[in-house]
Each structure stands twice: as C-alpha cells, then as structure tokens.
1. Set the Förster radius R0 to 56 Å, insert the Cβ-Cβ distance between Y696 and R356 as r into 1/(1 + (r/R0)^6), and round the FRET efficiency to 0.05.
2. For the range 72-115 and the range 251-328, write down the distance between their C-alpha centroids in whole Å.
3. About its Cα centre, what dipole magnitude does the chain give when the only charges are +1 on Lys and Arg Cβ and -1 on Asp and Glu Cβ, stated in debye to the nearest 20?
4. Apply the Karplus parameterisation 6.51 cos²θ - 1.76 cosθ + 1.60, with θ equal to phi minus 60°, to every residue of the range 491-499 and state each ³J(HN,Hα) to the nearest whole Hz, in sequence, with x for glycine and proline.
5. Of H461, N231, G733, whose Cα points farthest to the positive end of the dipole of the chain (charges on the beta-carbon: +1 Lys, Arg; -1 Asp, Glu; origin at the Cα centre)?
6. Non-local amide H neighbours of A366 (under 5 Å, H modeled in plane, Pro and chain starts lacking H): which ones?
7. Given that just one value was derived from the coordinates, which of [x] 12, 29, 23, 16, 11, 6, 2, 1, 0, 0; [y] 14, 40, 26, 16, 4, 0; [z] 16, 46, 31, 7, 1 is P(r) over Cα pairs in 20 Å bins from 0, in percent?
8. Tabulate in residue order the Karplus-calculated ³J(HN,Hα) for the range 644-649, using 6.51 cos²θ - 1.76 cosθ + 1.60 with θ = phi - 60°, rounded to whole Hz; enter x for Gly and Pro.
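Just so it is clear, none of the values below were taken in a lab; they were calculated from the coordinates. Nothing here was measured: the structure is a model prediction, and the numbers come from that model. Ideal geometry is used to build each Cβ from the backbone, glycine not excepted, and the neighbour counts take in all protein chains shown.
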Amino acid sequence: MTRQTRHETGETGDGSLSHVHDDFHIRTGNRPLSHLTAAILLFLFLFCLARLILALAPFPEEALFRPTATLVFDRHGRLLRAFTSADEKWRFQTPLTRISPELQKFLVFYEDRWFFWHPGVNPFSFLRAACQNLRAKAIVAGGSTISMQIARMMEPKPRTWSAKFQEIFRAFQLEQRYNKKELLEIYFNMAPYGGNIEGVAAASWLYFGKEPSDLSIAEAALLTVLPKSPNRYRPDLHPEEARRARDRALARFYWHGLLTADEYHRALLEEVPGERSPLPFIAPHFAQEMRNRHPAEARIYTSIDRDLQVFCEELLAAHIAGLRPEGITNGAVVVLDNRTHELLAAVGSADFFDERTGGQVNGYLAPRSPGSALKPFLYVLALEKGLITPAHYLEDVPVDYSGFSPINFDRTYNGLVTAGEALRRSLNVPAVNLLAQLGEDGLHQLLSRAGFSTIIHPAEHYGLSLVLGGCEVTLLELAALYSALANGGEYVYPVFQPGQAPPRHARRKLFDEGAAYIITDILQELDRPDLPSCWEFSTLPAVAWKTGTSYGYRDAWSIGYDPRFTVGVWIGNFSGEGQPGLIGAEVAAPLLFDIFSRMDGRAPVAWFQRPNNVRERAVCALSGQPPGPHCKILITDLYLTNASPVATCSFHRSTLLDAATGYRLPPDRVAGRSVVEKTYINWPPRVAAWLRQNGYLLEELPPLLPETHKTLPGAGPEIRSPAAGSHYYLRPGIPAEFQKIALEAAAGNEVRKLYWFVNGVLQGTTAPGETLFYLPKPGKHQVVCEDDHGRSSRVELVISEF
C-alpha cells in the first residue's frame, strides 16, 4: 500500500490549506483577461473619439471638386471644341471608369504600393522618411501616401513639419469620407501635369489628343511620373527629360512584373510628344451655346455630325469669300434630320475670328427679317381653310389696305395668277390678299403656336406686312418650321443631343398633312423664276425649296428640304447693312443646292407619299375652280377632299342675246324671240378694271334690253378707295385741293357707269376703274357706289381735324 504525505496531497489536517490555495487561483488567475478587456475598450473609445474628431473637424470639401473645363463632342464621340474652366484651367472631371486600367495600376505601384491597405498613412514609409529627414535636418523625403498627396493638393503649403502633420490629419479625414476607388478618382482629377493642366483627362487630351481610357502603355507611364515634377518632366517643354523619366518608370514596372518584355520594349520605342496636341475648334458657336446650357458638365455629347459640320463650314467660308467684293460678309447654315429632329450642322458665321464682320455673332440664332420665306405657310393655311387649290385664281392687281399698298418684287402686276404660280414666283400682292382673307386664323397665330421666340407682339403690331417679312425670325426656328412641311405638319424644335426624344409638349401639329404635301409639290417644281442663274435644271437635286429677300436687301434666305434633311441658309451682314446683291435666289440658293448636292450619303430616297386626303380633279383652266357647263379648257389640279372649295367656275357665264337687236335678255323675256346663246368671261371687278386701265381689250357684255328692270342680281361694285373703316385727318395749313379723298371702284365688264354718293348726296359719276376726288369735311360719312344696274356697295369712314 502506497503512502501519501500531506505535502503530496496538499492537505492539512483539517483540509484548510487546499481551500486557500484554490481561492487564491480563483481571485488572481483572470487578471490578464481583465487587462485585455480594458485595453480593448480603451482602444475602441479612442478609435471612436478619433473618428468623431475627424468627422466633426472642418473639412474643405469644395477644394476637392474644382470648376470643370468642358469638352463638347459630336454624335460619334469626336471632339468639337474644348473650354477652360472658370479659373482658366484645363481640368476635365473624369470618372475612374474612363481612366486606363494600366495607368491606375502604374500609379498605385509608383506612388503608394500599400494604398488599398493602409488607413491614409503608411507608418513604415512615414517612419523611414522621418529618419531621412532627421538625418538631413530638413524635409528631403515625404513618405506621402496618395491620400496625403490629395490633402496637399487641397491645401498647398510650404513643406514644413506642421504642414506634414496637417496632411496626415486631412488624409485620415479623406479616408473616413471616401472609399479607395473614390480617392483614386479624386487624385486623377487633381494631379498637376504642367502649366495650367490639371487632371489626367486634360493631360491626356492636351499631350496625346485622346481620352485617358485610350492611353498606350508608354503614355500611361509618362502620366504616372509627370505629377511628381510637372515642370521638370513637362513633355512640351522638356521632352528629353520627360522621356528619361518615363523610361525609368517603364523599367521599374518591367522588373516588378507589371509589364511583359514585349510590352516594355514596344513602349520604349514610342515617341514623347514635343508639343501640346492642338484641340479642334469646330462648331464654335454651337459648342459655346451647349456649354452655356450645361455649365457643370465636363463632357457634352451633341447631335452634330462633325464631318457634315466641317463640310458646311468650309463651303460657307468659300461662298462668302466670293461675295465679299460685293460687300456681303457673312452667313449661317443649319442642317436638320427630319426623322429624328436632330441638329446635324450649325454654322454661326463664315469666320469666327473675323471681328471686323462680327464673326462671333451666332447667325443661326440672330433675329432677322425673313422676307418672303414665310409665304409657304400662308398658303398652307389657305389650303386648309378651303380658300385655294394650286390652280385656283388669285388677284394680282393694285390694292390698298388703309394706306398699305403692297407691290411685287419686280414692281409689276399680272392681273390674274394661280395660287401655285403666286407661291412659286413669290408674288407679294396675292399673299397680302390671302392673309387679309384669313384674318385672325392667319400667319401670326401659326407662328405663335410654333413657339417662335421672336414673335412677341400681338397680330395688330405686325399687320398684313407680316407675310412680306415684317417681323423677325431665327434661321434655326425657320428651318424647323420647314421641317414640319417634311413631317406632315408636325413641328418639333430641334434636338441638340443624340437619342434625345423631344418631349411630348414640344410636338405641335400645326397644319394638315395633305396641305403640307401640296405645298411641297409646288415648291419642288424646277421651272421657277427664282432659280439661281448659275444652276442648270439637270444638276438640281430633288428638293422642295423657297427663297426670301428682306426689305432693303439686308437678308437673303434659302430653305430647302427632302424626306431626310432640311437645310437652311442665311446670307447677309451682321451690321444690317444692305447690298443690292443680297437676293435670296442669287446668293443663298446656290449654297443651299451645293450642300444638298454634295452632302455625304446622298443615296436616292423615295419622295413624299401622297396622303389619303389629297386627290386630283379637273378644273377650269382660267379660274382653277371646278368646271361649269361653259368651261371648255380643263386642267388637272390637286385638292384636299376635306377642305378645298367646291363652287363651280364663276368666270364663264352664258348670256342669251336677242338675235335681232343684240340686247341681253333676262330669262323672262326669251319667249317669242329669236335667241342666240353666247359665253362671256365675267372677270372679277378689280381684275377687269386693271385690265382696262392697262390696255387689254375685254369683250363687253351687250346692254340689257331697255324695257328690262334696271336692277339685276349679283354683287355691287368693289370699292377700292376709301378703305372700309378708314380714319382720315385734315392737316392745318395744307390747301384743301391737296387733301381730297380718291373715290374709286372696280366692277364687272357688264357695268359702264358708276354713281358716287356721300351721305346721300351725289358727288359725280365715273367709269369702273376711274377716280373721282372728293373734298372731305369733319365727321362720320357713308360712301355709296352704285352701278348702272342698280347694285351698290358702301363703306364708312371718319374725317377728323388734326
């Protein structure tokens, strides 16, 4: 049996020693655990306190996001123009996703290898740099992380110990506010690259002419080392120094496995740029406008087609160069895509840098008088209202509207013209007459519905001269209105950015699709007097087009369209100076046809399809109205099934004549007589009067049978002067014979004598078209004109003393 001593069992006689020993271990054995817990809690407290301090301490965040410069691109991502920032820096804010992965990899390796693991400060690098600085008794090494470099770029300071500690504090703040990817992006957008170039995107464009996403390995290596010493390694000033620094960096990347041998050797062969890459300067007016619209965007992608833009700029510059000897110094061009409503080209002037001729004025947005360029839209409205068809007659004779007497461009009259001819020849008098007939539903309402920015006054302000150019429009809005003709009457303001659908409220149905088709059919005819003399019919592209010339020969216009494109051209002087040669057909239309004929992608395209509400019908060749039984010559005319006039010809009238006497016979006096039926032309009164005055021989209707009652059915004479509702003023000191009012009326060719009454008092008699002068007295007056068949017309007027 084995004996156990008390020492071995650890027991006393009463067992008390064992209990004391166990209690001691219970009370003292967990003391290390308590210290660890306290340390952890202290660390957490200090950590939270530090984060709180970092969060609450002021932080100059605005210093990270400085004003951006702007790049304006075309529809295919090709650069048009670049702008410096508000502080005159080349600085393009760029997301990290647009920066070359090689450049990101090189930078982190070169500047801060432990960037993705440290909290903003790398203690090992910092201690190594601190030792070097202490030995040198100056700051010769920084040990700065990327976060610390961002802090230094935020708040540039001299290199002192206090500045270094402030950088460390800011680095911790940056790490708390941003993740690593965001910090890398901030660095790339702030780093200096020489001169006024900040950020890798600006450096990439100005040194290599490309986006930072497209950098080669050699280019990425150069941009990695350049911020280290941006003046010393600046390639446009010190290309050899820049090359050596780049090659050293490439060697480091190669020896550390970041590059293959083939990549390394090919990169060494690349040349270093010896100068800044020139930035393009295309569509300067448009680019400036887009920058003004989007001032905070670094990259603006537009609808412009750069090739077409350059083509139009060169064509306009050459065209104006040929016109300068005539005193014509500028022009503007726009090209619209009719399907997408996108603006494809926008040339604001012939030479942006020519200050003498106002080259920086944006010509396609400058308000100018359109001349006759608005007339097609008047005829669209008249078609819709059932006033005309292309072959329907319009009067082209002298007319007076309360003192406004329009005249045609060539200062002649034609008596009678078709609506199609009046539009093709751009005649003023028929257009004014049509506008007067339309009244409140006229051109002013159409332009207002389209949202024209220049139509700011009520219709009364413009009056009937509106259709002759008595207002201002911009080339861009006018071209968009012509584009509506190509789109069946739907007006859409041009879209400036690709793929951007116009908002629904921006689409306006201005006129009928059928009316637009008929106007297009008129405008695309080749045999026209406004055809430029320098063009032959065989060379003209299939285009519907119209010209315009403003009063005083100040503005020349030509707008044309086909199913795909609308092209607008304005030629003139920004000073407003007129020149005799500023005629739309002579100086604007040739450029329009040049653009259409030489435009890229001009493959044949199907012409506009005839809408269902447009059909053909036979009409009288003289009146253009549906034929009556006495119309012998007929032609084919287009008409709107839902609007065009249906009244039969009012010109050709059959008259019964007494075979024995030659007198006209009313139907109730035919019985018992030998009768001859004869057809006469019943000219409209004003046209008949004009024809007589100009020596045309009109076949007169024989006199009515004497015993027949005097009054016959039909309209009375048409009073041409005074105009209804006129207000005349008698001026003191002017002899009465010089203040007489002309009384003049037109009547049908069966009328031989007119009787004039003022307030019931006979003033005298005239033949149709002759003038009787009346000496007025103050007050309200009624003027009555009665023909020799008892038919009368009357107007009211007011005479006042001035």
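1. 0.55
2. 15
3. My answer is approximately 2120 debye.
4. 9, 9, 5, x, 9, 9, 10, x, x
5. Among H461, N231, G733, the one farthest towards the positive end of the dipole of the chain is N231.
6. When sequence neighbours closer than 5 places are left aside, the close amide H contacts are L475.
7. Matching entry in [x] 12, 29, 23, 16, 11, 6, 2, 1, 0, 0; [y] 14, 40, 26, 16, 4, 0; [z] 16, 46, 31, 7, 1: [x].
8. Result, rounded to whole Hz: 5, x, 10, 4, 6, 3.
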